[in-house]
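Below is one structure, written out as structure tokens; comments come after it.
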Amino acid sequence: MKDQLIFDVTSADTILDSDSVGAFLRSADGTLITHTDVGGKMSLDVRVSEGINVEVDLSHVDDSIRLGDGTDLTTTTTIGSDVGLDVNVIGSPALSNIAILAGVDTLAVAGVAEKVVAANLAGRKHLMIYNNDNRKMWIGGSGVDKDNGFPVSPGSYIELKAGASVDVYYDSLKAGHEIRTLEMS
């Protein structure tokens, strides 16, 4: 069973304003639970070291959650009787919002791997490759061929989360095999 620390108090001031709170709070294994003085108010230091769900019930106008070094107050939004913690996602790899580039390529020599795009879009996060031909093709690294590549059937496409530093190649048994690409950054 994981360490569990549960407080059931009627007034947060009873615990949080006490300078001796650290002397009494220990985890199940006896480790001292530390606290921080922020503007004369004591708060428990919490470090989440594993992926767990954390639920905090705030019930007073002055309640707050501090993240990081404890000096930057996060903001909340109230909708009806629910209060939500405002979160800004910065640099999400799943979000493409800078540029988009479409292209067409035809395989010069059958059985010889070729880059799907001549020059990768700067900051690329996503790459879609459409097989615009009537033959199967194979996707992979620089040495891709029919024996080691990922097959893409005619009229099908593959979507990759491939950054700009990743070169993607294709191969086919047909010279002039046409593909369409869509890069997003």
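Quick note: the coordinates plus some simple rules give every number you see, no bench work behind them. Quick caveat, the model's predicted, so the values are computed rather than measured. Cβ sites come from the backbone with ideal geometry, for glycine too, and all protein chains shown count toward neighbours.
Values computed for the structure shown
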| item | result |
| --- | --- |
| Stretch gain in nm, segment VAL104-LYS161, where the contour uses 0.36 nm per residue and the Cα spacing is subtracted | 18.6 nm |
| Neighbour-count order for ARG135, ARG124, fewest beta carbons within 10 angstrom listed first | ARG135, ARG124 |
| Residue order, fewest to most beta carbons within 10 Å, for THR78, THR106, THR181 | THR78, THR106, THR181 |
| Proxy reagent accessibility, fewest Cβ within 10 Å first, across SER172, SER156, SER185 | SER156, SER185, SER172 |
